[in-house]
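Notes to accompany the following structure.
The values are calculated or read from the model by the stated rules, or taken from the named source; none is laboratory data. This structure is a prediction, so every number in the text was calculated from the model and none was measured. SASA here: full protein model, heavy atoms, side chains in, ligands and nucleic acids out. Shrake-Rupley method; radii C 1.70, N 1.55, O 1.52, S 1.80 Å.
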Amino acid sequence: MNRKLAVGVLATGLFVAGAGVSFASANGNVQAAASWHKIPTLSSSGVKFKNGYYKFEAPGAKYGAFHWKGDLQDTSAGDGHNVYVQVKVEGYSWNRYNGKQKKTVHKDYYTYDGAARYTSDAWIRACRDRGSFHPDNCSLTKHYKR
């Protein structure tokens with residue numbers, strides 16, 4: 001009889017411990033595993049993306065997204081052209097995040113594939129929009145892997 005009681009108490013303890021871990025994960029502690037990494041300054045004629053950082057969010061947290069942030073700067077204020085950052089994740093085309101002419105703006109975004117559990121590959125670059133008749137000029141494209 002005592003053996004059955006001991007097994008029951010042990011099983012209950014394991015169940016409660018598992019529920020506690022599950023609750024902590026659902027509470028957002030999964031996110032603590034993701035850490036920030038530096039993006040080197042991305043620049044081309046008229047544009048600069050500086051103070052950049054990225055991280056891949058944990059699966060199940062923030063869609064497992066490629067989370068990036070930094071300062072987008074128009075370095076040729078008198079040229080009349082806007083600047084932007086382009087980011088893409090595997091299987092999708094480029095997403096465009098516009099800056100402001102003659103200013104530096106802070107960007108902080110999540111880019112992800114809504115159909116996937118998490119993002120594995122991401123690309124980022126900074127560009128200057130030169131209008132309809134001239135091709136845009138962009139920095140080198142940086143590729144990051146989870």
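Some values worked out for this structure:
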{"read-out": "Heavy-atom accessible surface of the range 46-108: percent carbon and sulfur, 1.4 Å", "value": "41 percent"}
{"read-out": "In Hz, Karplus ³J(HN,Hα) per residue of the range 140-146 (6.51, -1.76, 1.60; θ = phi - 60°; x = Gly, Pro)", "value": "4, 8, 9, 10, 10, 10, 4"}
{"read-out": "Cross-link reach list, lysines versus residue 142, counting only Cα pairs under 21 Å and skipping chain neighbours closer than eight places", "value": "38, 48, 50, 55, 69, 88, 107"}
{"read-out": "Cα Rg, Dmax, the range 28-100, angstrom units", "value": "14.6, 47"}
{"read-out": "Heavy-atom accessible area per residue - the range 62-146, 1.4 Å, Å²", "value": "56 Å²"}
{"read-out": "Size of the range 56-141 as Cα extents on the principal axes (Å, biggest first)", "value": "45, 25, 18"}
{"read-out": "Intensity falloff of the range 91-146 expressed as log10 I(q)/I(0), Debye formula with alpha-carbon point scatterers, at q = 0.14, 0.29, 0.31 Å⁻¹", "value": "-0.51, -1.38, -1.43"}
{"read-out": "Those aspartates and glutamates that a straight Cα-Cα span of less than 13 Å connects to residue 100, excepting residues fewer than 8 apart in one chain", "value": "71, 74, 79, 129"}
